[in-house]
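A.B. asks: The structure is given below, and queries will be raised subsequently.
The values are calculated or read from the model by the stated rules, or taken from the named source; none is laboratory data. Owing to the predicted nature of the structure, the values given are computational and were not obtained by experimental measurement. Virtual Cβ from ideal backbone geometry, glycine too; neighbours counted across all protein chains shown.
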Amino acid sequence: MPPAPRSIPRSSGRRPSYRRFAHALMTGRAAVGTAAADRAWAETRACLLGWAGGRPGDVAAASLLASLWTGRSALPPRLGLRAWGFRAFVRDHLPGWPAAQPLPPPLRDGAPCRLGEFGTMQEVGDLEALLRSGRAAYGPASRRLATVLAVGCMGYGHMWKDMGFASRAELRALLTAASPRVVARNVHDMRWKKFLYRELCKSEAGYVCRAPSCDRCVGYAECFGPEE
């Protein structure tokens, strides 16, 4: 799990060098699971924040990409997007990315998540539709964000950890940027993955909860509380 940053780096007006980013990335990839990797992740994230545009969700996107590129994510190499869509996602959140520099190559072909299992593509599509239904703005950027978050539900653990965020608050920030009206319905602070699937159960997407109601579900208590 990525270490929680003590504070969000403030911009000094200077963009970080790509060389600094590449060095941190190489260090993080070579030392996965060590304290050196933790420091490299934080440095990689700081560089990405230096290229961010300051919009809602950009800090969360920097954490997500830092984790993806240093091998700390349960998501696929392009977050479920096509190659051109992934490049556009990076531009959406990191408009200061050095134009002449390529995106880092993926670490592996697959990832420890449920993508590829029977029925998951329909599941991702239903989650995308749910998130798009609550968006504040329309356009390709909002569709890409919905796809990334839907794919983020395909991990086996807590959603914020699987996606490589520094905290659960970052997941909420990216969800709010993508779908503020859906986020506003989570008035009891349910765990986000459980909340999104509950919303699918209430929709016409074809998901049917086996409990007659949430209050009578034997796993109801597991939907709340800290995600550690």
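A.B. asks: Among the residues that make up segment 67-83, is at least one of them surrounded by 15 or more Cβ atoms within 10 Å (Cβ to Cβ), among the β-branched types (V, I, T) and in a loop (DSSP other than H, G, I, E, B)?
C.D. replies: So far as segment 67-83 goes, yes, one or more of its residues are surrounded by 15 or more Cβ atoms within 10 Å (Cβ to Cβ), among the β-branched types (V, I, T) and in a loop (DSSP other than H, G, I, E, B).
A.B. asks: Now for a separate question. What's the total number of residues in segment 84-100 that are of a type in the set (F, W, Y), in a helix (DSSP H, G or I) and over 12 Å from the mean Cα position of the chain (by Cα)? Explain how you work it out, then say what you get.
C.D. replies: Pass one, segment 84-100, residues of a type in the set (F, W, Y): 84, 86, 89, 97.
Okay, now just the ones that are also in a helix (DSSP H, G or I), so 84, 86, 89.
Checking which are over 12 Å from the mean Cα position of the chain (by Cα) leaves us with 84, 86.
Adding up the residues that qualify gives 2.
A.B. asks: Which one is nearest to W41 (Cα to Cα), of the residues in segment 131-153 that are among the aliphatic types (A, V, I, L, M) and at pLDDT below 95?
C.D. replies: Looking only at segment 131-153, we keep the residues that are among the aliphatic types (A, V, I, L, M), and these are 131, 136-137, 141, 145-146, 148-151.
Imposing the further condition that a residue be at pLDDT below 95 reduces the set to 136-137, 141.
On the way: A136: 32, A137: 32, A141: 26 Å.
In this case the residue turns out to be A141.
A.B. asks: Any residue in segment 191-204 that is at negative phi sitting within a Cβ distance under 6 Å of a residue that is outside any helix (DSSP H, G or I) and not charged (D, E, K, R)? List the pairs, counting only those 6 or more apart or interchain.
C.D. replies: Close Cβ pairs satisfying both conditions: K193/C153; F195/N186; L200/Y207; C201/Y207; C201/C209.
A.B. asks: Pairs needed: first member in segment 90-109, over 20 Å from S17 (Cβ atoms); second member anywhere, of a type in the set (G, A, S) and surrounded by 15 or more Cβ atoms within 10 Å (Cβ to Cβ); C-beta distance under 7 Å; at least 6 residues apart or different chains.
C.D. replies: D92/A141; L107/G71
A.B. asks: Within segment 146-174, which residues are closer than 21 Å to T120 by Cβ, under 10 Å from the mean Cα position of the chain (by Cα) and not in a helix (DSSP H, G or I)?
C.D. replies: Once the filter is applied, which keeps residues that are closer than 21 Å to T120 by Cβ, under 10 Å from the mean Cα position of the chain (by Cα) and not in a helix (DSSP H, G or I), segment 146-174 yields C153, M163, G164.
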